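The values are calculated or read from the model by the stated rules, or taken from the named source; none is laboratory data. Please read all numbers here as calculations on a predicted model, not as lab measurements. Ideal geometry is used to build each Cβ from the backbone, glycine not excepted, and the neighbour counts take in all protein chains shown. Side chains included, ligands, DNA and RNA excluded: accessible areas come from the protein's heavy atoms. Shrake-Rupley method; radii C 1.70, N 1.55, O 1.52, S 1.80 Å.
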Amino acid sequence: MEIKSTADIALRGVTLLVYGQSGVGKTTLIKTIPGRKMILSAEGGLLSLQGTDIQYVDIHTMDELTEAFNHVVEHLEDYDCIILDSLSELAEVILSSEKKESKDVRQAYLGMQDMIMDLVRAFRDLPVTVYMTAKQERVQSDSGRLLFGPSMPGQKLSQLLPYVFDELLAMRSETNENNENIRFIQTFSDSSWCCKDRSGKLDAYEDADLGKILTKIGGERK
């Protein structure tokens, strides 16, 4: 048995899952992430990044995702951040494939759930920042409350995801007293929103800027 000290823990990267309504700007947030990035796009909605110079690959099948993941692993020195946009869409693709393979719908959902959790853990263990997006819906928490959270096929998967990410953040949009549309990120859970800040360094509400958030956490790659 090797006894270790928390003083020796090195922050190698941060895993973030940001969920929100369609059009709120989850993909646009990619612009705010510093460093060299690779996008694995399962939605094909990258128009908001037009004019930027960010590498990306389209993902339509699990085989394509596996190929892209292997490429990232083989060329880790080329990237500071890996982005999966979006986890919700990818889960739907996997579920559709599982339904074709299994006559039992319950088994199809379980197979999809296991694949998504294995996928998230594999990305989480990469020594870089990992940013994933998800759609938004009302989900049931472990305590039975209905909260806004990441939209996933199957109730159980939505409940499991918060445990495997360092940061589960809600991207929100509201109109201020000047009738201006303000976008911001919520970092804490309340009676309506499911969130988590494992670092303990973020304010309850942060600017919609992942670069600033990563700097606060201390997870940007030097």
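Is the shape of the chain rounded, prolate or oblate, going by the alpha carbon gyration tensor and its root eigenvalues a ≥ b ≥ c, with a/c under 1.5 for rounded and a/b larger than b/c for prolate? Spell out each step's value before the answer.
Details: a/c = 1.23, a/b = 1.09, b/c = 1.12.
The shape class here is rounded.
In region 83-100, whose amide N lies under 20 Å from the spot 7 Å out along Cα-to-Cβ of residue 55? List them in ranges.
In region 83-100, the label zone of residue 55 (backbone N under 20 Å from the point 7 Å along Cα→Cβ) covers 83-86.
Determine the gain in length on full extension of the stretch residue 209-residue 71; use 0.36 nm per residue of separation and subtract their C-alpha separation, reporting nm with one decimal.
Numbers: separation 138, 0.36 × 138 = 49.68 nm, distance 2.76 nm.
Taking residue 209 through residue 71 to full extension adds about 46.9 nm, to one decimal.
Over what distance in Å are the Cα centres of region 30-68 and region 109-157 separated?
19 Å
Does region 3-108 come out rounded, prolate or oblate, given a ≥ b ≥ c as the square roots of the eigenvalues of its C-alpha gyration tensor, rounded meaning a/c under 1.5 and, failing that, prolate meaning a/b above b/c?
Oblate shape, in that a/c is at least 1.5 and b/c is the bigger or equal ratio.
Ignoring ligands, DNA and RNA, please state the percent of accessible area on the chain from carbon and sulfur, probe 1.4 Å.
Details: 5600 of 11880 Å².
Result for the chain: 47 percent of the exposed heavy-atom area is carbon or sulfur.
Over the chain, with the other protein chains present, what is the accessible area per residue in square angstrom, probe 1.4 angstrom? All intermediate terms of the calculation are to be shown ahead of the outcome.
Numbers: 11880 Å² over 222 residues.
For the chain, the per-residue accessible area is 54 Å².
Residue 2 versus residue 106, label points 7 Å from Cα toward the beta carbon: distance in nm?
According to this spin-label approximation, the distance is 4.3 nm.
Output the relative contact order of region 9-113, whole-number percent, from Cα pairs under 8 angstrom with separation of 6+ residues.
Over region 9-113, the number comes to 27 percent.
Filter the cross-link list 99/216; 4/135; 37/103; 31/196 down to pairs whose alpha-carbon distance in this structure exceeds 31 Å. Display every interim value, and only then the final one.
Details: 99/216 43 Å; 4/135 39 Å; 37/103 40 Å; 31/196 23 Å.
As for pairs spanning more than 31 Å Cα to Cα, those are 99/216; 4/135; 37/103.
Would you calculate the convex hull of the Cα atoms in region 124-222 and tell me its volume per residue in Å³? Write out the running numbers ahead of the final one.
Values: hull volume 11.4 nm³, N = 99.
Considering the Cα atoms of region 124-222, their hull volume per residue is 115 Å³.
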